[in-house]
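Values quoted throughout were computed directly from the atomic coordinates according to the rules given, and no laboratory measurement underlies them. Small disclaimer: the values here were computed from a predicted structure and weren't measured. Cβ sites come from the backbone with ideal geometry, for glycine too, and all protein chains shown count toward neighbours.
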Amino acid sequence: MELLQPSSLDDLDGASNALLLAGGTEVVPLLREGLVRADVLVDINGLVPHGISGTTIGAAATLAELEVDPQVPEALREACRLAASPQLRNMGSIGGNLLQATRCWYWRLDFPCRLHGGDRCHAHDGEHREHAIFANDFCASAHPSDVAAALVALGATMRTTRRELAVRELYRLPTADDRRTTTLEPGEVILELDVPPPDASTYLKAMDRKRWAFPLVGVAAARRGAATTVALAGVAPIPWLLEGSLDEATPLPGTAYKVEIAAALVGRARAALA
């Protein structure tokens, strides 16, 4: 594998066979486990904006920077704080966190599941206590990013090397003809995020351990005026904007408990913002 350190993001155009590296906390383990492959690894950490200025956050800003900055809304600060150990938060970038791969053990163990191009979601018939309760008919994997749920609830937008879009539009549900869970194109790089300040926000999380575990259920809520927006982590193949009721959930037999947890956390979050 070849490591490149380009002097400009323009050099990435057409780099469809390259794997981009910033903090490396996501990419390096996936490479080591053979779950992603590339001929070229491109270090973009020095090319992507860093830092926080008002509502603008550079995609290379670390979770550790975000969790302590008073300019950052509470929901995002708390999501960053709860996302990982201090070591990982010091290295991991917010842009990379948004592009986390699923923690589904079938995908991680390289089963021929639908996300790997197969014709079966093994979670439907196998062990699935950590899997999705929404949009789980084709693929029952659960998106692991606390930060993504917070940004969706906050109505954040992003700028890439090619376009501007809502963070919510970065994600798509996998289908039989397109197994991707993001809309990012080869060579497209997230540059900056814009996070409009809410009147109030919060992030609550249920996990197997008290610290530094992926969410069984994460609930982000942001209030502007009388309107509150809620988004969930760990409950669908993508960060889930809760537009309807939790009664619309379709849990598998082993994930029904997640609906109860989500209901409790959503209630607590709404009460905290009232």
When the charge dipole of the chain is computed with +1 on Lys and Arg Cβ and -1 on Asp and Glu Cβ about the Cα centre, the Cα farthest towards its positive end, among A135, A75, L21, belongs to A75
Give me the percent of DSSP beta bridges within the chain that run antiparallel, rounded to the nearest 5. 80
Cα principal axis extents for segment 20-102, largest first, Å: 40, 26, 19
Order 140-149, 161-170 from most to least packed using the mean count of other Cβ atoms within 10 Å. 140-149, 161-170
Once you charge only the Cβ atoms, +1 for Lys and Arg and -1 for Asp and Glu, what is the size of the charge dipole of the chain about its Cα centre, to the nearest 20 debye? 840
Each label sits 7 Å from Cα toward the beta-carbon; between R270 and R108 the label points are separated, in nm, by 3.3
Work out how much length D199 to T175 would gain on full extension: take 0.36 nm times their residue separation and subtract the Cα-Cα distance, in nm to one decimal. 5.0 nm
Rounded to whole angstroms and listed largest first, the alpha-carbon spread of segment 1-47 along its three principal axes comes to 30, 20, 13
Arrange the peptides 42-51, 25-34, 56-65 so that the one whose residues have, on average, the most other Cβ atoms within 10 Å appears first. 56-65, 42-51, 25-34
Suppose R0 equals 22 Å; then what is the FRET efficiency for R211 and V68 from their Cβ-Cβ distance, rounded to the nearest 0.05? 0.80
I'd like the distance between the alpha-carbon centres of segment 155-233 and segment 117-139, rounded to an integer number of Å. 21
To the nearest 0.05, what FRET efficiency results for L30 and A226 with a Förster distance of 35 Å applied to their C-beta separation? 0.25
Between A263 and R129, 0.36 nm times their residue separation minus their Cα-Cα distance comes to what? 46.5 nm
Please compute the length gained on full extension between E248 and L19, using 0.36 nm multiplied by the number of residues separating them and subtracting their Cα-Cα distance. 78.7 nm
Which residues among segment 147-161 fall inside the zone where the amide N is under 20 Å from a point 7 Å beyond the Cα of S8, along Cα→Cβ? 160-161
Rg(Cα)/(2.2 N^0.38 Å) for the chain, N = residue count: 0.97
Compute a Gaussian network model of the chain, connecting alpha carbons closer than 10 Å, and tell me which residue from A264, A83, A220 fluctuates the most. A264
